[in-house]
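Before any comments, here is the structure.
The values are calculated or read from the model by the stated rules, or taken from the named source; none is laboratory data. A quick note: this is a predicted structure, and the numbers were derived from the prediction, not measured. Positions of Cβ are generated from backbone atoms using ideal geometry, with glycine treated the same way; all protein chains shown enter the neighbour counts.
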Amino acid sequence: MNRTLLAEFTAREGAADEVAHLLREYARKVRKEVGNLAFEVYTKASDSRAYWIFEVYQDEAAFQRHLRAPYGAPFNTALALLIEEDASRLTFLDPMTSGHGPAGP
């Protein structure tokens, strides 16, 4: 099963350009990882400092390889200095399957 997550954070006032630069470089590397299916960066339409990153990995093994990538820790260390939160907020997602979610008509 795919490993899917949403990472959220807000760039500090005055740090948006630096955050965008870091993310461009990091996204380029993550998208080349074996087993990475998606790494899409979004900003909130009403607040360009609010970021959402949608990530999909082929499976748990691919996600664990992502976590061990040598550029991950330096990225997170640099990012932590530029965002309002202590770290990105991660939400792990599961696909809705039949029998789950709202009932049909």
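Numerical summary
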item	result
Tally of residues being closer than 19 Å to Asp94 by Cα and at pLDDT 95 or above across segment 1-16	7
Leading residue by the ranking (surrounded by the most Cβ atoms within 10 Å (Cβ to Cβ)) among those in segment 64-84 that are within 15 Å of Lys29 (Cβ to Cβ) and hydrophobic (A, V, I, L, M, F, W, C)	Leu79
Pair list, Cβ < 6 Å and 6+ apart or interchain, from segment 39-56 residues that are touching a residue at least 40 places away in the same chain (Cβ under 8 Å) to residues that are loosely packed, with under 14 Cβ neighbours inside 10 Å	Ala50/Lys44; Trp52/Tyr42; Phe54/Glu40; Val56/Ala38
Test for Glu55: is it more than 25 Å from Asn2 (Cβ to Cβ) and surrounded by 12 or more Cβ atoms within 10 Å (Cβ to Cβ)	no
Index of the failed condition, Asn36 passing every other in (1) polar (S, T, N, Q); (2) surrounded by 17 or more Cβ atoms within 10 Å (Cβ to Cβ); (3) out of contact with any helix residue (DSSP H, G or I) (no Cβ under 6 Å at 6 or more places or on another chain)	(3)
Pro102 vs. criteria at pLDDT below 95 and touching a strand residue (DSSP E or B) at 6+ places or on another chain (Cβ under 9 Å)	no
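Conditions tested, residue by residue: (1) assigned to a strand (DSSP E or B); (2) in contact with a strand residue (DSSP E or B) (Cβ under 7 Å, 6 or more places away or on another chain); (3) at pLDDT below 95.
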position: Glu18; (1), (2), (3): no, no, no
position: Leu23; (1), (2), (3): no, yes, no
position: Glu33; (1), (2), (3): no, no, no
position: Tyr42; (1), (2), (3): yes, yes, no
position: Ala50; (1), (2), (3): yes, yes, no
position: Glu55; (1), (2), (3): yes, yes, no
position: His66; (1), (2), (3): no, yes, no
position: Ala73; (1), (2), (3): no, no, no
position: Ala78; (1), (2), (3): no, no, no
